[in-house]
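Shown next, in structure tokens, is the structure this report addresses.
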Amino acid sequence: MNINENFAKMPGSYLFSEIAARTEKFVNNNPDKKLIRLGIGDVTLPLADCVIDAMKAAVDDLSKSETFHGYGPSEGIASLRGIIAKSDFIEKGIDISADEVFVSDGAKTDCSNIVDLFSLDNIIAVCDPVYPVYVDSNVIAGRGGTYDASTQKWSDIVYMPTTSENDFVPAIPGRPADVVYLCSPNNPTGTVLNYDQLKTWVDWANERGALLLFDAAYERFIDDSEGNIPHSIFEVEGAKTCAIEFKSFSKTAGFTGVRLGYCVIPNDLTRSGQNLNKLWSRRQNTKFNGASYIVQKGAESVYTDNGKAQIEKNILYYKNNARIIKEGLESVGLQAYGGIHSPYVWCKTPAGVGSWEFFDELLQKCYIVTTPGAGFGPSGEGYIRLTGFGTHDNTSEAVSRIKKLFA
Ligand SMILES: *Cc1c(COP(=O)(O)O)cnc(C)c1O
């Protein structure tokens, strides 16, 4: 047999293995130094009590034949789909119904599997820097073209630079594009798109017959007191005929290891005369047998008053860390972005210093691990990403080390 040759075209996943290798080398050479990891894209606080209680009760359900559950609907259990539609949309004035909600084991799964629905000749557009999953899943399917190691770009993919020069707002691409990935609040830049900026994209997609894939994994980190920032693309007029939205319980409710997410595909969304909600239902029923019953019950508890309060507390804890990082960087004259509606701070490196060079400097002199921006795409060069997912004490300690370095 022959394998899918697109795998052979892909460059190795250099970023996290290289960070690990440099960090390990530093630790081996400096066993007495206290390392602080601010590169992590994973939560650290334990699950809320309500989630633990709900999952324990669900395990008990499975222990008795009267309440046992085997295979559930591949779209998700009806009670959870109803709660999501009601709490995340209808109560916020967004008209989305339970049959437009598809529960899954996470947003990474959904935003990579969704490419099953698209013709191979579609042109994909992504922001640069970017969450790498959007690019790689299309490359595996055969929509990448050829990879140029010198530019770090795929010939058939349209890259939309989002940097401080354009205030991290992607411009409508000059080349034609059929499927556009947008992520707000953004990973890695921590920046957001406001209503008017999203409306421009929605109007463009409706006119062109293009499709927007909107990743809202960090939606709960949005601070409503600052600017008109949609929590959902479906707040934007016209989005139901041009957009799919991805949500996750990972960063908002600490489910990174538990696994749960969902996507919303409106009933009004059609392309080439086909209803995308029906196509996705068909795809999921073919390839997926539903998320775990135990985990779905855990997710339901996140929507109780108690659950909402508990996860809000954790999000504020991470956001406070991000604020401390951002303010600390700014206090020594560095330019930092994000960190307000997001756990991520995107920091410009000092003039003339590359991403990896700055990574090394912070590792060697401050014993802090960050993520070099260049790992997220060519336009990420000249930046590093720091996260608020550490502990408060470690975050404060790291910031005071950076302040000393630049004093
Ligand atoms: C973490 C992350 C996700 C992944 O979420 P899971 O639900 O854990 O699969 C999706 N999109 C972005 C941008 C992320 O940073």
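The values are calculated or read from the model by the stated rules, or taken from the named source; none is laboratory data. It should be emphasised that the depicted structure is a prediction, and the values quoted were computed from it without experimental measurement. Cβ: placed from backbone, ideal geometry, glycine included. Neighbour counts: every protein chain shown. With ligands, DNA and RNA removed, areas are computed over all heavy atoms of the protein, side chains included. Shrake-Rupley method; radii C 1.70, N 1.55, O 1.52, S 1.80 Å.
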Going by the conditions given, is Ile94 of a type in the set (Val, Ile, Thr) and in contact (Cβ under 8 Å) with a residue 60 or more places away in the chain? yes
Residue ID - surrounded by the most Cβ atoms within 10 Å (Cβ to Cβ), chosen from residues in the range 231-242 that are in contact (Cβ under 8 Å) with a residue 40 or more places away in the chain and not in a helix (DSSP H, G or I): Cys242
Single residue of Ala205, Ala171, Ala177, Ala210 found to be exposed (fewer than 15 other Cβ atoms within 10 Å of the Cβ) and within 22 Å of the chain's Cα centre (by Cα): Ala171
Residues to consider are Arg283, Arg220, Arg208; find the one that is touching a residue at least 60 places away in the same chain (Cβ under 8 Å), away from the ligand (no atom under 16 Å from the Cβ) and on the phi < 0 side of the Ramachandran plot. Arg283
Being open to solvent by less than 10 Å² (accessible area, probe 1.4 Å) and part of a loop (DSSP other than H, G, I, E, B) is the filter; apply it to the range 218-230 and report the residue that is farthest from Ile311 (Cα to Cα). Pro230
From Lys287, Lys247, Lys278, Lys240, which residue is among the basic types (Lys, Arg), within 21 Å of Val130 (Cα to Cα) and modelled with pLDDT of 95 or more? Lys247
How many residues of the range 17-51 are without any contact (Cβ under 8 Å) to a residue 40 or more places away in the chain and either open to solvent by less than 40 Å² (accessible area, probe 1.4 Å) or among the aliphatic types (A, V, I, L, M) (or both)? The answer is 3
Residue that is nearest to the ligand (Cβ to nearest atom) [pool: residues in the range 92-113 that are aliphatic (A, V, I, L, M) and in contact with a Lys or Arg (Cβ under 8 Å, 6 or more places away or on another chain)]: Ala107
Every listed condition ((1) over 20 Å from His231 (Cα atoms); (2) among the aliphatic types (A, V, I, L, M); (3) more than 16 Å from the ligand (Cβ to nearest atom)) holds for Val43 save (3)
Scan the range 114-130 residue by residue and report those that are open to solvent by 40 Å² or more (accessible area, probe 1.4 Å) and within 16 Å of the ligand (Cβ to nearest atom). none
Here is a list of conditions, (1) over 26 Å from Ile40 (Cα atoms); (2) within 16 Å of the ligand (Cβ to nearest atom); (3) buried (at least 24 other Cβ atoms within 10 Å of the Cβ), and Phe249 meets all of them except one; can you say which number that is? (1)
